[in-house]
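Encoded as structure tokens, the structure appears first; notes follow it.
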């Protein structure tokens, strides 16, 4: 998994069969949405661009090409990793609380959920690119 992820970042990953189909499906849906569903697509993309940092960074009005998908997944992965580091750093806050054990359990549970999300995004990256 780590090798696939490093190759993804270097853009050297060969497309797998499932990833190839997903890549073209998303592009076709984006083109159809931009042309046939024009009245709904523009406000949708505007809202996403206003509310989501990753959408804004990866060009709000671009067609859903493999380059844009790679950008969105990379951005999502970076945000999850940043959140995980913040959770790790917040362990010191539990030391100052009355019920330290409960605080540590909640943090561990949240870290576990974030790790699952990170692995899910890495898997998506490996499958698609």
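Tabulated values for the structure
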{"quantity": "Every pair of residues 6+ apart whose Cβ atoms lie under 7 Å, when the first sits in the range 24-47 and is closer than 12 Å to residue 61 by Cβ while the second is modelled with pLDDT of 70 or more and surrounded by 12 or more Cβ atoms within 10 Å (Cβ to Cβ)", "calculated": "30/63; 30/64; 33/41; 34/41; 34/63; 45/60"}
{"quantity": "Qualifying residue in the range 98-111 (condition: in contact (Cβ under 8 Å) with a residue 24 or more places away in the chain, in a helix (DSSP H, G or I) and closer than 22 Å to residue 31 by Cα)", "calculated": "no"}
{"quantity": "Within the range 32-59, tally of residues that are surrounded by fewer than 16 Cβ atoms within 10 Å (Cβ to Cβ) and either at pLDDT 80 or above or under 26 Å from residue 110 (Cα atoms) (or both)", "calculated": "10"}
{"quantity": "From the options 114, 121, residue that is without any contact (Cβ under 8 Å) to a residue 60 or more places away in the chain, closer than 30 Å to residue 32 by Cβ and assigned to a helix (DSSP H, G or I)", "calculated": "121"}
{"quantity": "Out of 24, 83, 5, sole residue that is under 22 Å from residue 126 (Cβ atoms), modelled with pLDDT under 90, surrounded by 12 or more Cβ atoms within 10 Å (Cβ to Cβ) and within 21 Å of the chain's Cα centre (by Cα)", "calculated": "5"}
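The values are calculated or read from the model by the stated rules, or taken from the named source; none is laboratory data. Predicted, not measured: the structure shown is a model, and the values here were computed from it. All Cβ positions, even for glycine, are placed from backbone atoms using ideal geometry, and neighbour counts span all protein chains on display.
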